[in-house]
Amino acid sequence: MRPHNKCFDSRKGAKVFPAVGEQTAAFRAGAKLRRKNEIEKACEAVYEAAWKINDATSREKPIPKGIAPDIVIERFHALNWLCGFGGDEWDEIELDT
């Protein structure tokens with residue numbers, strides 16, 4: 001998993017993902033599912049980073065270096081949805097720590 005302070009590089013993504021309006025069959029055919037334990041590790045790591053953000057915020061302390069809250073919260077949301085925590089739809093995902 002990428003560090004908690006590194007955004008997705010859209011320039012690299014443009015080389016990997018089909019452009020809007022292009023065919024996606026070749027991209028989808030080459031896609032591979034990640035192993036369950038890899039996804040679980042990512043969930044645990046992002047949960048821990050979100051907890052550190054909440055802990056620092058509640059104690060009025062600085063957020064630890066290497067953690068960008070906006071990136072962590074977006075990943076936390078996506079991974080909670082992917083893993084089906086609570087069985088909620090995308091817009092209803094809880095971000096409790």
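The values are calculated or read from the model by the stated rules, or taken from the named source; none is laboratory data. Note that the structure is predicted; figures quoted are calculated from it, not measured. Heads up, the Cβs are rebuilt from the backbone with ideal geometry, glycines too, and the neighbour counts pull from every protein chain shown.
All but one of (1) in contact with a Phe, Trp or Tyr (Cβ under 9 Å, 6 or more places away or on another chain); (2) farther than 22 Å from Val16 by Cβ hold for Leu79; which doesn't?
Condition (2) is where Leu79 drops out.
Taking region 48-97 as the search range and keeping residues that are basic (Lys, Arg), more than 15 Å from the chain's Cα centre (by Cα) and under 16 Å from Pro3 (Cβ atoms), which one is surrounded by the most Cβ atoms within 10 Å (Cβ to Cβ)? Please lay out each step first, then the result.
Here is the first cut: in region 48-97, the residues basic (Lys, Arg) are 52, 59, 61, 65, 75.
Checking which are more than 15 Å from the chain's Cα centre (by Cα) leaves us with 52, 59, 61, 65.
Checking which are under 16 Å from Pro3 (Cβ atoms) leaves us with 52, 65.
On the way: Lys52: 19, Lys65: 6.
Applying the filter and picking the extreme gives Lys52.
If you scan region 2-25, which residues turn out to be hydroxyl-bearing (Ser, Thr, Tyr) and either surrounded by 10 or more Cβ atoms within 10 Å (Cβ to Cβ) or more than 30 Å from Glu48 (Cβ to Cβ) (or both)?
Scanning region 2-25 gives a single hit, Thr24.
With a cut-off of at least 3 residues that are polar (S, T, N, Q) and on the phi < 0 side of the Ramachandran plot, name the helices (runs of 4 or more DSSP H) lying wholly within the chain. So that I can check it myself, show each step before the final result.
On the way: elements: 10-16, 25-30, 36-58, 69-83.
Of the helices (runs of 4 or more DSSP H) lying wholly inside the chain, those with at least 3 residues that are polar (S, T, N, Q) and on the phi < 0 side of the Ramachandran plot span 36-58.
This table checks each residue for (1) over 13 Å from Arg75 (Cα atoms); (2) at pLDDT 90 or above; (3) not aromatic (Phe, Trp, Tyr).
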site	(1), (2), (3)
Gly13	yes, no, yes
Phe17	yes, no, no
Thr24	yes, yes, yes
Glu38	yes, yes, yes
Ala42	no, yes, yes
Glu48	no, yes, yes
Asn54	yes, yes, yes
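Scanning for something under 15 Å from the mean Cα position of the chain (by Cα) and not charged (D, E, K, R), does region 26-33 turn up at least one residue? Outline the logic, then answer.
We begin by selecting, within region 26-33, every residue under 15 Å from the mean Cα position of the chain (by Cα); these are none.
No, there is no match, as no residue in region 26-33 is under 15 Å from the mean Cα position of the chain (by Cα) and not charged (D, E, K, R).
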